[in-house]
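For reference, the structure discussed in these notes is given below.
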Amino acid sequence: MTKRIHLNAFKIAGVGHTAIGLWRHPDNQAHRYTDLEYWIETARTLEQGRFDSLFIADFPGIYDTYKRSPDAALRDAIAVPLNDPLMVVSAMAAVTTHLGFGITVSTTYEQPYSFARKMTTLDHLTKGRVGWNIVTSATESAARNLGLDQQVPHDERYRMADEFMEVVYKLWEGSWEDDAVVRDRAAGIYVDPAKVHPVGHRGKYYRVPDPFLCEPSPQRTPALFQAGASSAGKDFAARHAEAVFLVDPTVAGMAKFVKEVRALAARLGRDPTALKFMAGVSIVTAPTDAEAEAKFRDLIRYVSVEGTLARQSALMQLDFGSIDIDKPLEFVETDGIRSFLERFTKGDPDRVWTPRQVAEKMAESLGALTIVGSPTTVSDRLEALMEEADIDGFNLYDHMPLSTLPDFVELVVPELQRRGRVPEAYLGRTLREHISETDAPRLSPSHVGAGYRRAAHAAEPADAA
């Protein structure tokens, strides 16, 4: 049987995301991110292409690491201005039937009780098409502006995230029994009080004593995405994630990451093949290879090397504006996204990178591993990557909004469907069903969150698995 290719689109609710500076291209429509029609059109395009989800990244703080100033971020619109991605989901859900929505929300700056309510509300309104990309956030400005004196250290953020997950599992899976809502008009009982239970959580970081506010939604727990690639991030993904997004410029790096996380998941008692791995790719396509190459060369002229350097500076939490960017980049433990730094200091023992070379490399690739070519060329490369890296699909970067994704859907998706790689019709109702390729809208029994489920009519809160 031909292995299916899972497709997701990758955007932010703003302008400058990965290919920094491309907003200057005369045909770029990223400035329309404040227009609801922009999102509606995007959602309809993705559903036409049988994408699993629109995955929206988010950053709760401004990028001000480079030269200790937000100026570079503001000039090149690097994740600023930036809207709240949760707000556009309902509108997109209203014009689609199957497309899922993976939304990035940080555990570091949310309270699990109120956050769980937001996601359950969206899961109801979308009929089970919501996912959560779990991040811990890596910008100092987020800490300063969201109530902390300084950024929480990297590994402690993951310890906080583990407890955050424990609380939301208790809320989503354990507080309400499946048949708690009875709507008995004759008896005057809408919800049976005996079937709603306090979660009774008292931990190091969070205290949530009472029952959940929301009745169970189609998925209960939203589909769970994760993208951290540090040691702590890989451990977290192996325990909690159902789909893992990875960004690596080399096939060998992708394959190594996938193998490590699958092995960690197996040691935790999970089916390692149940985790789906989606690689970040930038695709430029046209009817012929020559036309695609010309389009790519036109785009790459607008990418800003300094803007790319400023973005990497913020992600790694290293001020490249205050050091010699032509000296070798060395690994240091920062509170940024360590996997980004590891990739260019430890990932290739045969190559020494300088910060300038990192920025130039990223600027040449439209922000990810880049594939340029006709539908046949692109499809061949995607199929090869699937096999070589043992991955399950792709996260397509939307470097030219309202152009990149329509081109892919119009040109490449039909070729992938002809090869049996993308289904002609959606095979499930909920986002979890899209990801898992099963008819199960709930967490797998082997998932840690399933251990918080309550047996019907149980008297006490379920214990953590």
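Observations, loosely collected:
- The one condition in (1) over 30 Å from Arg44 (Cα atoms); (2) charged (D, E, K, R); (3) touching a residue at least 24 places away in the same chain (Cβ under 8 Å); (4) part of a loop (DSSP other than H, G, I, E, B) that Arg351 fails to fulfil: (3)
- Of everything in the stretch 17-56 that is touching a helix residue (DSSP H, G or I) at 6+ places or on another chain (Cβ under 6 Å) and either modelled with pLDDT under 95 or of a type in the set (D, E, K, R) (or both), the residue that is surrounded by the most Cβ atoms within 10 Å (Cβ to Cβ) is Ile20.
- Residue within the stretch 204-214 that is surrounded by fewer than 20 Cβ atoms within 10 Å (Cβ to Cβ) and under 30 Å from Thr438 (Cα atoms) present: yes
- Of everything in the stretch 57-76 that is closer than 30 Å to Thr96 by Cα and out of contact with any helix residue (DSSP H, G or I) (no Cβ under 6 Å at 6 or more places or on another chain), the residue that is modelled with the highest pLDDT is Ala57.
- Unmet requirement for Arg418, which otherwise passes all of (1) in contact (Cβ under 8 Å) with a residue 40 or more places away in the chain; (2) surrounded by fewer than 19 Cβ atoms within 10 Å (Cβ to Cβ): (1)
- Test for Thr107: is it among the β-branched types (Val, Ile, Thr), modelled with pLDDT under 95 and in contact with a strand residue (DSSP E or B) (Cβ under 8 Å, 6 or more places away or on another chain): no
- Residue check, Asp192 surrounded by fewer than 17 Cβ atoms within 10 Å (Cβ to Cβ), more than 18 Å from Tyr113 (Cβ to Cβ) and touching a helix residue (DSSP H, G or I) at 6+ places or on another chain (Cβ under 8 Å): no
- Cβ-Cβ under 8 Å pairs, at least 6 apart or on other chains, the stretch 190-212 side over 16 Å from Val168 (Cβ atoms) and without any contact (Cβ under 8 Å) to a residue 24 or more places away in the chain, far side part of a strand (DSSP E or B) and not aliphatic (A, V, I, L, M): Tyr190/Arg183; Tyr190/Asp184; Val196/Trp176
- Taken over the stretch 162-189, the criterion of being buried (at least 24 other Cβ atoms within 10 Å of the Cβ), among the charged types (D, E, K, R) and within 19 Å of Val135 (Cα to Cα) is satisfied by no residue.
- Test: residue in the stretch 106-120 that is under 28 Å from Tyr38 (Cα atoms), polar (S, T, N, Q) and not in a loop (DSSP other than H, G, I, E, B): yes
- Checked against the criterion of being at pLDDT 95 or above, touching a Lys or Arg at 6+ places or on another chain (Cβ under 9 Å), of a type outside the set (Val, Ile, Thr) and more than 18 Å from Gly128 (Cβ to Cβ), the stretch 82-96 has at least one qualifying residue.
- The stretch 139-161 - residue that is closer than 30 Å to Arg453 by Cα and of a type outside the set (D, E, K, R) and, of those, surrounded by the most Cβ atoms within 10 Å (Cβ to Cβ): Ala161
- Verdict on Thr121 being in contact with a Cys (Cβ under 8 Å, 6 or more places away or on another chain) and not basic (Lys, Arg): yes
- Filter pass, Ser141 being small (Gly, Ala, Ser), closer than 24 Å to Leu443 by Cβ and in a helix (DSSP H, G or I): no
- The stretch 370-403: number of residues that are in a helix (DSSP H, G or I) and surrounded by fewer than 22 Cβ atoms within 10 Å (Cβ to Cβ): 10
- Number of residues in the stretch 28-53 that are of a type in the set (D, E, K, R), outside any helix (DSSP H, G or I) and closer than 27 Å to Pro414 by Cβ: the value is 2.
- Qualifying residue in the stretch 242-253 (condition: free of Cβ contacts under 8 Å to residues at least 40 places away in the same chain, surrounded by fewer than 22 Cβ atoms within 10 Å (Cβ to Cβ) and not in a loop (DSSP other than H, G, I, E, B)): yes
- On the stretch given as the stretch 269-315, residues that are in contact (Cβ under 8 Å) with a residue 40 or more places away in the chain, under 23 Å from the mean Cα position of the chain (by Cα) and surrounded by 15 or more Cβ atoms within 10 Å (Cβ to Cβ) total 20.
- Subset of the stretch 121-138 [polar (S, T, N, Q) and either in a loop (DSSP other than H, G, I, E, B) or surrounded by fewer than 20 Cβ atoms within 10 Å (Cβ to Cβ) (or both)]: Thr121, Thr126, Thr136, Ser137
The values are calculated or read from the model by the stated rules, or taken from the named source; none is laboratory data. What you see is a predicted model, and the numbers here were worked out from it, not measured in a lab. Every residue, glycine among them, receives a Cβ derived from its backbone with ideal geometry; neighbour counts consider all protein chains shown.
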